[in-house]
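Undergrad: Mind having a look at this structure? Questions to follow.
The values are calculated or read from the model by the stated rules, or taken from the named source; none is laboratory data. On a predicted model such as this, the values are computed, not experimentally measured, just so you know. Don't worry about glycine lacking a Cβ; one is built from the backbone with ideal geometry, like all the others, and counts go over all protein chains shown. Note: accessible area is taken over every heavy atom of the protein model, side chains too, but ligands, DNA and RNA are not part of it. Shrake-Rupley method; radii C 1.70, N 1.55, O 1.52, S 1.80 Å.
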Amino acid sequence: AAPLLSGELACAEVPHLTISNLVMPMWLHGEPEQAARLHKRGYDMCRENRDFLAELAEHVDYRLVAGDVEGALEIAERHLDWVQETRSARRKWRWAATLGELFAAIATQRETIAVRMPRELGPVGEGPYRVTELSAWFERQADEYAAAFDARNLNDSVTVRTQELRQRLRDAQLSM
């Protein structure tokens, strides 16, 4: 990734994907300053393009584990209605997995939340919603997408990835 990070190599999409996918590993490997720089750079690159919805989930994850739950919620709310516009099950799965964990973290701080939920996302309207119910709803959505991928692929790799993502986010939050 070094040539992409330094600007030596350029491309229309690969830097967006690469930088966004490096944020969490940098954070988890004890490089918070580099993670913060990559988060800002990667989020700025992705924030206007609906094709990067899965990468935007990486930025929500980062804010969440960095202890900025409100910042994570802000990013999530800004891009929430993109979920109903995408036809990509992978993007919907990745977003649902992240939101399940985000709302689980918020549930440790408050019982209800007023957030605008698009029609595609089941619970619709402004709320307020019980945060634990939102977390459970998104977890079920992520599990359903994972099961569909696994059935198609005749393996359990997406279910395993979902569980690993959840565990990684929970462990990172506990270590703060």
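Undergrad: Go through segment 19-43 and give me each residue that's of a type outside the set (D, E, K, R) and surrounded by fewer than 18 Cβ atoms within 10 Å (Cβ to Cβ).
TA: Residues satisfying the conditions are 21, 25, 28, 29, 30, 32, 34, 36.
Undergrad: Please find, within segment 94-119, the residue that is least open to solvent (accessible area, probe 1.4 Å) out of those that are farther than 13 Å from residue 169 by Cβ and among the basic types (Lys, Arg).
TA: Ranking the candidates gives 110 first.
Undergrad: Does at least one position in segment 59-71 carry a residue that is of a type outside the set (A, V, I, L, M), open to solvent by 70 Å² or more (accessible area, probe 1.4 Å) and farther than 13 Å from residue 98 by Cβ? Please lay out each step first, then the result.
TA: First, pick out the residues of segment 59-71 that are of a type outside the set (A, V, I, L, M): 59, 61-63, 67-68, 70-71.
Filter again for open to solvent by 70 Å² or more (accessible area, probe 1.4 Å), leaving 70.
With the extra rule that they be farther than 13 Å from residue 98 by Cβ, the set shrinks to 70.
Checked against the condition, which is being of a type outside the set (A, V, I, L, M), open to solvent by 70 Å² or more (accessible area, probe 1.4 Å) and farther than 13 Å from residue 98 by Cβ, segment 59-71 yields at least one hit.
Undergrad: Look through segment 157-176, keep the residues that are among the hydroxyl-bearing types (Ser, Thr, Tyr) and exposed (fewer than 15 other Cβ atoms within 10 Å of the Cβ), and return whichever of them is nearest to residue 63 (Cα to Cα).
TA: Let us first name the residues in segment 157-176 that are among the hydroxyl-bearing types (Ser, Thr, Tyr), namely 157, 159, 162, 175.
Narrowing the set further to residues that are exposed (fewer than 15 other Cβ atoms within 10 Å of the Cβ) leaves 157, 175.
Values: 157: 26, 175: 14 Å.
So, considering only residues that are among the hydroxyl-bearing types (Ser, Thr, Tyr) and exposed (fewer than 15 other Cβ atoms within 10 Å of the Cβ), the one nearest to residue 63 (Cα to Cα) is 175.
Undergrad: I would also like to ask the following. Could you grab the pairs with beta carbons closer than 7 Å, sequence gap of 6+ or different chains, first residue in segment 36-64 and aliphatic (A, V, I, L, M), second one open to solvent by less than 20 Å² (accessible area, probe 1.4 Å) and outside any helix (DSSP H, G or I)?
TA: Final answer for the pair search is 53/86.
Undergrad: Filter segment 44-58 for residues that are surrounded by fewer than 22 Cβ atoms within 10 Å (Cβ to Cβ) and in contact with a helix residue (DSSP H, G or I) (Cβ under 9 Å, 6 or more places away or on another chain) and give the result.
TA: Of segment 44-58, the ones surrounded by fewer than 22 Cβ atoms within 10 Å (Cβ to Cβ) are 44-45, 47-51, 53-54.
Within segment 44-58, 45, 47, 49, 50, 51, 53, 54 qualify.
Undergrad: Within segment 70-88, identify whether any single residue is modelled with pLDDT under 95, outside any helix (DSSP H, G or I), within 27 Å of residue 135 (Cβ to Cβ) and aliphatic (A, V, I, L, M), and answer yes or no.
TA: yes
Undergrad: Could I ask something else about it? Could you give every pair whose Cβ atoms fall below 7 Å, whose first residue belongs to segment 149-161 and is without any contact (Cβ under 8 Å) to a residue 24 or more places away in the chain, and whose second residue is open to solvent by 60 Å² or more (accessible area, probe 1.4 Å) and of a type outside the set (Lys, Arg), counting only separations of at least 6 or pairs across chains?
TA: 150/156
Undergrad: For the subset of segment 140-156 comprising residues that are open to solvent by less than 50 Å² (accessible area, probe 1.4 Å) and over 12 Å from residue 90 (Cβ atoms), which member is modelled with the highest pLDDT? Break it down stepwise before answering.
TA: Going through segment 140-156, the residues open to solvent by less than 50 Å² (accessible area, probe 1.4 Å) turn out to be 141-142, 146, 149-150.
This time we only want the ones that are over 12 Å from residue 90 (Cβ atoms), so: 141, 150.
On the way: 141: 94, 150: 97.
Checked segment 140-156; the qualifying residue modelled with the highest pLDDT is 150.
Undergrad: Within segment 114-144, how many residues are without any contact (Cβ under 8 Å) to a residue 40 or more places away in the chain, in contact with a strand residue (DSSP E or B) (Cβ under 9 Å, 6 or more places away or on another chain) and not in a helix (DSSP H, G or I)?
TA: Total satisfying the criteria: 11.
Undergrad: Every residue in segment 145-160 that is among the hydrophobic types (A, V, I, L, M, F, W, C) and either assigned to a helix (DSSP H, G or I) or in contact with a Ser or Thr (Cβ under 6 Å, 6 or more places away or on another chain) (or both), please. Let's see the steps before the verdict.
TA: Step one: filter segment 145-160 for residues among the hydrophobic types (A, V, I, L, M, F, W, C), giving 146-149, 151, 154, 158, 160.
Those that are among the hydrophobic types (A, V, I, L, M, F, W, C) and either assigned to a helix (DSSP H, G or I) or in contact with a Ser or Thr (Cβ under 6 Å, 6 or more places away or on another chain) (or both): 146, 147, 148, 149, 151, 158, 160.
Undergrad: Give segment 24-35 a look and list any residue that's part of a helix (DSSP H, G or I) and free of Cβ contacts under 8 Å to residues at least 12 places away in the same chain, or say none. Give the steps one after another, and end with the answer.
TA: At the first step, the residues of segment 24-35 found to be part of a helix (DSSP H, G or I) are 24-28, 32-35.
Answer for segment 24-35, where residues must be part of a helix (DSSP H, G or I) and free of Cβ contacts under 8 Å to residues at least 12 places away in the same chain: 25, 33, 34.
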